[in-house]
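Inspection log for the structure reproduced underneath, given as structure tokens.
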Amino acid sequence: MIKLAVVGLGKMGLSHHAMIHAHPRVEVAAVCDATGYVLDVLNKYTGVRTYTDFDAMLAEVPLDAVIIATPSSMHATMVNAALAKGLHVFCEKPFCLDTKDGEQATRTATEKGLVNQVGYHYRFVGAFQEVKRLLDANAIGQVTHVLAEAYGPVVLKPKGSSWRTQRSEGGGCLYDYAAHPLNLVNWYFGAPKGVGGTVLNKIFSKETDDEVFGTLYFADGKSAQISVNWSDESYRKMSTKISIWGTAGRITADRQECQVYLRDTAALPAGYQPGWNSRYTTDLTEPVWFYLRGEEYSAQLDYFVTCIEENRAHDNVNSFESALATDKVISMMIADAEKGASVLDGDALPDAPKKKKGLFAALR
């Protein structure tokens, strides 16, 4: 049995606790949070050891692994402390708000041979996995352009500040929402060489962005546009969508379905035909031991457990290294947005400098 602790018992932390507590090969040995009421309830009904002090928990409880689901600004310190104790780490996304912290954690996990994973759960959605299989099979030929979108009803009116709405604590729409489609683009195509035209716009929030737009540039000439808005009331819940154009067809996918158009010239994968094809997540997804919010959440935790059991520290689809690549793209977009738009002589834009050097911000 893997002895594991869950740290941070907000919405995601409680979800992770419910799923991993039911896992047949895991023992939840401790939980840690700042809220006494939540700890009292869990201790009463599950008997689990409870802590408000993370360091004390690490010192007192024999553990194999931890799940960290605290506010984003706390990730780096807790991840590195757990790694220093020789523990395998699953960390909620975004990985680290400072890429230097992410680089340090990635190096430490690699040097110690510890399983490391970040909670980008869309990589475990059947439809998005099918996109990856089709791209690896070169089904739509040379990819020329990508559109990655995410919309949802998170911030719909001016309200008090929370950790999610502060750039220094949660990162706002860019880190909390746009990170998902950015991570999928990285998974499919690797890291871009540059970004341009980034817009980080406030709608209702006072301290951070509510919508994100921008373009990613890749070395082989393809581009990817990002369009994200978490102040969109027309969506009942978060909806992420990927559209990919290639020389031999087109792929469009969301959580429910993967739609594929293949030209007569396409190299047809098994089960596909020229014209339109549809594959549904329900047909592409394996059953899980415990369902909560979607099979992908349970699937990613089971994958983490399996990697620990099989000593697959260097073979994880959602490793710190892959999450760090997404963090670096986010940093590039922030730097690009701060430069502002190029404008005609004599014109001006609100809160933007009059000149911008270069077409795009390069990844150095």
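Among Trp230, Val146, Asn183, flag the residue with its Cα farthest along the positive direction of the charge dipole of the chain, charges on Cβ as +1 for Lys/Arg and -1 for Asp/Glu.
Of Trp230, Val146, Asn183, it is Val146.
For the stretch 9-21, take each phi angle, set θ = phi - 60°, evaluate the Karplus expression 6.51 cos²θ - 1.76 cosθ + 1.60, and give the result in whole Hz per residue in order, putting x for glycine and proline.
Once θ is set to phi - 60°, the couplings for the stretch 9-21 become 10, x, 4, 6, x, 5, 5, 4, 4, 4, 6, 6, 5 Hz.
In percent, what relative contact order does the stretch 123-284 have, based on Cα pairs under 8 Å that are 6 or more apart in sequence?
Averaging sequence separation for qualifying contacts and normalising by length gives 32 percent for the stretch 123-284.
Between 0 and 90 degrees, rounded to the nearest ten: what's the tilt of helix 179-189 against the longest Cα principal axis of the chain?
70 degrees
In what order do Val146, Val31, Val317 fall by count of nearby beta-carbon atoms within 10 Å, going from fewest to most?
Val317, Val146, Val31
Within 10 Å of each residue's Cβ, count the other Cβ atoms and sort His180, His88 from fewest upward.
Going from sparsest to densest Cβ surroundings: His180, His88.
Taking the Cα centre as origin and putting +1 on Lys and Arg beta-carbons and -1 on Asp and Glu beta-carbons, what dipole magnitude results for the chain, to the nearest 20 debye?
Computed about the Cα centre, the dipole is about 560 debye.
What is the chain's relative contact order, in percent, from Cα pairs under 8 angstrom and six or more apart in sequence?
Answer for the chain is 19 percent.
Starting at the first residue of the stretch 237-242, write each ³J(HN,Hα) from the Karplus equation 6.51 cos²θ - 1.76 cosθ + 1.60 with θ = phi - 60°, in whole Hz, x for Gly and Pro.
In residue order, the calculated couplings are 8, 4, 10, 10, 9, 10 Hz.
Under the rule of at least 5 residues apart or a separate chain, name every residue whose amide H is placed under 5 Å from the amide H of Lys193.
When sequence neighbours closer than 5 places are left aside, the close amide H contacts are Tyr217, Phe218, Ala219.
Please compare each pair in Lys237/Lys339; Lys44/Lys85; Lys159/Lys202; Lys11/Lys100; Lys202/Lys222 to a cut-off of 23 Å on the Cα-Cα distance and tell me which ones are over it.
Distance filter (> 23 Å) returns Lys237/Lys339; Lys44/Lys85; Lys11/Lys100; Lys202/Lys222.
With springs connecting C-alpha atoms under 10 Å apart, model the chain as a Gaussian network and identify which of Leu216, Leu324, Leu344 has the largest mean-square fluctuation.
Among Leu216, Leu324, Leu344, the largest GNM mean-square fluctuation belongs to Leu344.
On a 0 to 90 degree scale, rounded to 10, what angle separates helix 126-136 from the longest Cα axis of the chain?
Value to nearest ten degrees: 50.
Using unit Cβ charges (K, R positive; D, E negative) and no other charged atoms, how large, in debye to the nearest 20, is the dipole of the stretch 2-114 about its Cα centre?
260 debye
Please arrange Trp230, Trp289 by how many other C-beta atoms lie within 10 Å of their C-beta, fewest to most.
Neighbour counts put them in this order, fewest first: Trp289, Trp230.
As a test of the formula, what do you get for the chain when each DSSP H run with n ≥ 4 contributes -39,500 (n - 2.57) and the sum is divided by the residue count, at 222 nm and rounded to the nearest 500 deg cm²/dmol?
The per-residue figure over the chain is -9500 deg cm²/dmol.
Please determine, in degrees from 0 to 90 and to the nearest 10, the orientation of helix 75-84 with respect to the longest principal axis defined by the Cα atoms of the chain, where the helix direction is its Cα long axis.
50 degrees
Every number in this text was worked out from the coordinates using simple rules, so none of it is lab data. Everything numeric here is computed off the predicted structure, so don't read it as measured data. All Cβ positions, even for glycine, are placed from backbone atoms using ideal geometry, and neighbour counts span all protein chains on display.
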